[in-house]
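Undergrad: Sharing a structure with you now.
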Amino acid sequence: MHINIIDNYFNREECNQLIELYSRFKYLAEPFYNVIPLKVKDLLPKKFITKINKTTTLINKSKIDWIEVVKWPLGSYKELHYDCQKDTTKLSSITFLNDDYEGGELYFKDETVIKPRVGRAVFFDGNFYEHGVNKVNKKIRWQLTGFYE
C-alpha cells in the first residue's frame, strides 16, 4: 500500500462545517496527550460518511471504524509513531481542515513531509508507516482523523 494524497477531498465550506461541528459538541471532546479530539462517527452528516467509505472501499475495501475532528492547540505535536489503533485497522487518514497556522506538517520516518492544505486528505496504513506531526507554532491546527477496518 502507498500513501494516497487527495487534494480538495473536501472543499473549504465542508472543512469549515467539520470545525463548526466540533464547536457545537466541544463539551464532548476529551484531551488526549496534547490534542483535543472529538469522536464524530455518530455526528457526521451522511454525505461525509458516504464519501469517506466510498474512498476507503476503493483503496483497500475498508470502512470507517473510528473518526474524529482533532484540535491541535498552539505548541502541540506528535512524535514518530505507529497508530496501532486495533489489530483490525487496515487504513488511517488525516484530512487538513485549515492551513492558516504555522508548523503542524505531517511527516513520515522516510523524511516525506506533507504540507497542510485545506481539504487535503492523506490515506495510509498507519500501522505500517511511522509518522508524526511537527509542532504547531502559530494558531490552531484542525484535522479529521480516521481509522478504517
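The values are calculated or read from the model by the stated rules, or taken from the named source; none is laboratory data. The structure displayed is predicted, hence computed values, not measured ones. Ideal geometry is used to build each Cβ from the backbone, glycine not excepted, and the neighbour counts take in all protein chains shown.
Undergrad: Considering only residues of region 130-149 that are among the charged types (D, E, K, R) and in a strand (DSSP E or B), which is surrounded by the fewest Cβ atoms within 10 Å (Cβ to Cβ)? Can you show your working first?
TA: Looking only at region 130-149, we keep the residues that are among the charged types (D, E, K, R), and these are 130, 135, 138-139, 141, 149.
From what's left, in a strand (DSSP E or B): 138, 141.
Values: LYS138: 11, ARG141: 29.
Checked region 130-149; the qualifying residue surrounded by the fewest Cβ atoms within 10 Å (Cβ to Cβ) is LYS138.
Undergrad: The conditions are (1) more than 21 Å from ASP7 (Cβ to Cβ); (2) in contact with a helix residue (DSSP H, G or I) (Cβ under 9 Å, 6 or more places away or on another chain); (3) of a type outside the set (Ser, Thr, Tyr), and ASN98 fails exactly one of them. Which is it?
TA: All conditions pass for ASN98, except number (1).
Undergrad: Does LEU28 meet the test of being more than 16 Å from the chain's Cα centre (by Cα) and within 23 Å of VAL133 (Cβ to Cβ)? Write out each step before concluding.
TA: On the way: more than 16 Å from the chain's Cα centre (by Cα): yes; within 23 Å of VAL133 (Cβ to Cβ): yes.
Criteria met by LEU28.
Undergrad: Given the residues LEU43, LEU74, LEU80, LEU18, which is the only one that is out of contact with any Pro (no Cβ under 8 Å at 6 or more places or on another chain), surrounded by 18 or more Cβ atoms within 10 Å (Cβ to Cβ) and in contact (Cβ under 8 Å) with a residue 12 or more places away in the chain? Even if it seems obvious, please write down each step before you answer.
TA: Values: LEU43 fails: surrounded by 18 or more Cβ atoms within 10 Å (Cβ to Cβ); LEU74 fails: surrounded by 18 or more Cβ atoms within 10 Å (Cβ to Cβ); LEU80 fails: surrounded by 18 or more Cβ atoms within 10 Å (Cβ to Cβ).
Selected residue: LEU18, the only one of LEU43, LEU74, LEU80, LEU18 that is out of contact with any Pro (no Cβ under 8 Å at 6 or more places or on another chain), surrounded by 18 or more Cβ atoms within 10 Å (Cβ to Cβ) and in contact (Cβ under 8 Å) with a residue 12 or more places away in the chain.
Undergrad: Quick one: count up the residues across region 113-129 that are part of a loop (DSSP other than H, G, I, E, B) and either modelled with pLDDT under 95 or surrounded by 17 or more Cβ atoms within 10 Å (Cβ to Cβ) (or both). Talk me through it step by step, then tell me what you get.
TA: Of the residues in region 113-129, the ones part of a loop (DSSP other than H, G, I, E, B) are 115-120, 125-129.
The next check asks that each one be either modelled with pLDDT under 95 or surrounded by 17 or more Cβ atoms within 10 Å (Cβ to Cβ) (or both); those that pass are 116, 118-120, 125-129.
Of the residues in that region, 9 qualify.
Undergrad: Follow-up. Of all residues in region 96-112 being closer than 14 Å to GLU130 by Cβ and among the charged types (D, E, K, R), which is surrounded by the most Cβ atoms within 10 Å (Cβ to Cβ)? Outline the logic, then answer.
TA: Initial filter on region 96-112 (closer than 14 Å to GLU130 by Cβ): 106-112.
With among the charged types (D, E, K, R) added as a condition, the list becomes 109-111.
Values: LYS109: 12, ASP110: 9, GLU111: 6.
Here the residue is LYS109.
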